[in-house]
Protein chains: 2
Amino acid sequence: MEKIYITYNQIHNTMKDLSEQVKASGFNPDLMVAIGTGGFIPARMAKTFLNIPILTVGIAYYDLDDNPTEKPTITQWMDQPDKQIRGKKVLLVDEVDDTRATIGFCLDELKKHEPAEIAICVIHNKKKKKKHEIPDWINHYFIGENLQDEWICYPWDAEDTDMQDKLSR
Amino acid sequence: MEKIYITYNQIHNTMKDLSEQVKASGFNPDLMVAIGTGGFIPARMAKTFLNIPILTVGIAYYDLDDNPTEKPTITQWMDQPDKQIRGKKVLLVDEVDDTRATIGFCLDELKKHEPAEIAICVIHNKKKKKKHEIPDWINHYFIGENLQDEWICYPWDAEDTDMQDKLSR
């Protein structure tokens, strides 16, 4: 599988472009929900351009007792979801739409808190078989770049930043 | 006031160094608590080297109804703090120790959940008058760099990443 190396600056600029797309779309989010931990960095970058608060959710494939789980498991959720989500326009941010298992799970969970609307924003979407359809109540799905099913090496996983920059496109 | 420009790669490398310091200290954190939104990016960088989960707390100087507040206000907290914090060794991560108001507030709030221990980790500490003392029950305080009371321009706030790189040391 081909590896694609991405730098922090490239992602920062993608989040700047995506923020412009969000603004141009007419969807006017009240807040972001960043899916942890992959969504933390892109959401914070986008905050500079969208100037809205960030809430986070932690999703992992292990539970709070450290047992591995097959399905996405909540490691952290909002503490006051009715106050924080109900009636709000939410921009759900993650780094990648891979199998869409995590994003699909988060959409279903967030929907329970009755937001006014949810839109999705990812740096990368992989063109591959997905475990979830995008629900028909989603009007906006913002994608920085569509990729094949490649191995994306994000800068935050790099041991050596100089090497990461060198290997990037 | 002098402005200091920092690149993403510089911060990534600082978080790598800080992670080595944490490991060398004998303090063996179970998890990080990232103070949002400034702690999101450094915590995610450190995760690569520490390989522990990240919980987040949101602290702002406005409340959930968007009214400005003088004191730090919680915009998000853990949803299951007893399960998530009690008995755990917590590494509290933020970008900067400025007046220490936010960090001091978080220490007090986290302490209520009876963690086994809390250590602090920041990219930058400013040498200036603080609003909180470091409590005597804190054994470890990891600092990437001590600065005077300068204006730190973090890369995530940059409009233009090329300019940020050029202006950095």
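Miscellaneous remarks
- Filtered residues of the stretch B:137-169 (kept if over 27 Å from residue A:16 (Cα atoms) and open to solvent by 70 Å² or more (accessible area, probe 1.4 Å)): B:137, B:139, B:146, B:148
- Failed item, numbered, when residue B:32 is tested on (1) farther than 22 Å from residue B:155 by Cβ; (2) out of contact with any Asp or Glu (no Cβ under 9 Å at 6 or more places or on another chain); (3) open to solvent by less than 20 Å² (accessible area, probe 1.4 Å): (1)
- Yes/no for residue A:22 being touching a residue at least 24 places away in the same chain (Cβ under 8 Å), under 13 Å from the mean Cα position of the chain (by Cα) and at negative phi: no
- Residue that is nearest to the other protein chains (Cβ to nearest Cβ) [pool: residues in the stretch B:27-72 that are part of a strand (DSSP E or B), over 18 Å from residue A:74 (Cα atoms) and out of contact with any Gly (no Cβ under 9 Å at 6 or more places or on another chain)]: B:62
The values are calculated or read from the model by the stated rules, or taken from the named source; none is laboratory data. What you are looking at is a predicted structure, and each value in this text was computed from that prediction instead of being measured. No Cβ is skipped: glycine too gets one built from the backbone with ideal geometry, and neighbour counts run over all protein chains shown. Side chains included, ligands, DNA and RNA excluded: accessible areas come from the protein's heavy atoms. Shrake-Rupley method; radii C 1.70, N 1.55, O 1.52, S 1.80 Å.
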